[in-house]
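Colleague: The following block contains the structure, expressed as structure tokens.
The values are calculated or read from the model by the stated rules, or taken from the named source; none is laboratory data. Source: prediction; values computed, not measured. Counting neighbours? That spans all protein chains shown, and the Cβs are built from the backbone with ideal geometry, glycine included. For the accessible areas, the whole protein counts, side chains as well, though only heavy atoms, and no ligand, DNA or RNA atoms are used. Shrake-Rupley method; radii C 1.70, N 1.55, O 1.52, S 1.80 Å.
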Amino acid sequence: MVEITIAVDGPGSSGKGTVARGVAEALGYQFVDTGAMYRAVGLLSLRSGLDVRDEGATSLLAQRLQFRFAFDGGRLRVEVDGEDVTSAIRGEDVGAAASAVAVHPAVRGALLGLQRYLGAAGGVVMDGRDIGTVVLPDAELKIFLDASLEERARRRWLEHPERDFVAVRDELAARDLQDTTRAVAPLRCAADAVRLDSTGVPVSDVVDRIVQLARSRRGG
Ligand code: DC
């Protein structure tokens, strides 16, 4: 059986990560979370007191980070320079820093080689914002997963119920704007991607649909 490459792109809290992981598990493929790489650069920039608008400093940091991804009881563990940052990279401030450093072409360039290397062998589900358009333009299956802003905000708020819902929604809208309007590799649906809307659709249904598409593309 041919092992294909699957690109999953979409805005924040569209369910990409959960869906991509589910598809990878169902097919026995590797899951690569490229957002985690940008988040790691964001986290380390904040910790080192770097200005996230400083392209030179943040890209130097991105170039020297050593990433390691490991599966730990079904959960993806992200290590940077030997430290487990799986939980630390999920904070809201880190998400904002990730989106800010991701506008810099030099930061994107520093991560691109690793992303392409991880996708090259096939048998991979890679999720992000520019996977189908820039990182793996030849991926056999491209999915653009979307959901309404209200639904995505509700999902994110459920992860941080102590926060104000409207503030969570506004941050998400600001992040969308930054990700879709940046000059390099903006979030957009590739011309040959299958667009799926997960508003009101259970994760398992979205996973099943993508697995079906993958099976038909690899011929069985
Ligand atoms: O998917 P996420 O929320 O973990 O991504 C965090 C940020 O990283 C997001 O705001 C945009 C950026 N990102 C990117 O620019 N390109 C990618 N392939 C993945 C993430």
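Colleague: Residue by residue through the stretch 202-214, note down the ones that are loosely packed, with under 15 Cβ neighbours inside 10 Å and over 17 Å from the mean Cα position of the chain (by Cα).
Modeller: Of everything in the stretch 202-214, those that are loosely packed, with under 15 Cβ neighbours inside 10 Å and over 17 Å from the mean Cα position of the chain (by Cα) turn out to be PRO202, SER204, ASP205, ASP208, GLN212.
Colleague: For the stretch 135-158, which residues satisfy the criterion of being part of a loop (DSSP other than H, G, I, E, B) and open to solvent by 10 Å² or more (accessible area, probe 1.4 Å)?
Modeller: Residues satisfying the conditions are LEU136, PRO137, ASP138, ALA139, GLU140, SER148.
Colleague: Something else: Which condition number in (1) of a type in the set (S, T, N, Q); (2) within 16 Å of the ligand (Cβ to nearest atom); (3) touching a helix residue (DSSP H, G or I) at 6+ places or on another chain (Cβ under 7 Å); (4) open to solvent by 30 Å² or more (accessible area, probe 1.4 Å) is the one that THR181 fails?
Modeller: Only one criterion in (1) of a type in the set (S, T, N, Q); (2) within 16 Å of the ligand (Cβ to nearest atom); (3) touching a helix residue (DSSP H, G or I) at 6+ places or on another chain (Cβ under 7 Å); (4) open to solvent by 30 Å² or more (accessible area, probe 1.4 Å) is unmet by THR181, namely (3).
Colleague: Would you mind telling me which numbered condition in (1) surrounded by fewer than 21 Cβ atoms within 10 Å (Cβ to Cβ); (2) within 14 Å of the ligand (Cβ to nearest atom); (3) under 18 Å from GLN115 (Cα atoms); (4) hydrophobic (A, V, I, L, M, F, W, C) LEU46 fails?
Modeller: Of (1) surrounded by fewer than 21 Cβ atoms within 10 Å (Cβ to Cβ); (2) within 14 Å of the ligand (Cβ to nearest atom); (3) under 18 Å from GLN115 (Cα atoms); (4) hydrophobic (A, V, I, L, M, F, W, C), only one is false for LEU46: (3).
Colleague: Looking at (1) open to solvent by less than 10 Å² (accessible area, probe 1.4 Å); (2) at pLDDT 95 or above, find the lone condition where LEU172 falls short.
Modeller: Among (1) open to solvent by less than 10 Å² (accessible area, probe 1.4 Å); (2) at pLDDT 95 or above, the lone unmet condition for LEU172 is (2).
Table: residues versus (1) open to solvent by less than 20 Å² (accessible area, probe 1.4 Å); (2) modelled with pLDDT of 95 or more; (3) of a type outside the set (Gly, Ala, Ser); (4) part of a helix (DSSP H, G or I).
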| site | (1), (2), (3), (4) |
| --- | --- |
| LEU76 | yes, no, yes, no |
| ILE89 | yes, yes, yes, yes |
| ALA97 | yes, yes, no, yes |
| ALA106 | no, yes, no, yes |
| GLY109 | no, yes, no, yes |
| LEU114 | no, no, yes, yes |
| GLY122 | yes, no, no, no |
| THR133 | no, yes, yes, yes |
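Colleague: Here's something else I'd like to know. From the list ALA40, ALA102, which one is within 11 Å of the ligand (Cβ to nearest atom), over 25 Å from ASP146 (Cβ atoms) and under 14 Å from the mean Cα position of the chain (by Cα)?
Modeller: From the options ALA40, ALA102, the qualifying one is ALA40.
Colleague: For the list (1) open to solvent by less than 20 Å² (accessible area, probe 1.4 Å); (2) more than 13 Å from the ligand (Cβ to nearest atom); (3) touching a strand residue (DSSP E or B) at 6+ places or on another chain (Cβ under 7 Å); (4) small (Gly, Ala, Ser), I need the number of the one condition that ALA190 fails.
Modeller: Going through (1) open to solvent by less than 20 Å² (accessible area, probe 1.4 Å); (2) more than 13 Å from the ligand (Cβ to nearest atom); (3) touching a strand residue (DSSP E or B) at 6+ places or on another chain (Cβ under 7 Å); (4) small (Gly, Ala, Ser) one by one, ALA190 breaks only (2).
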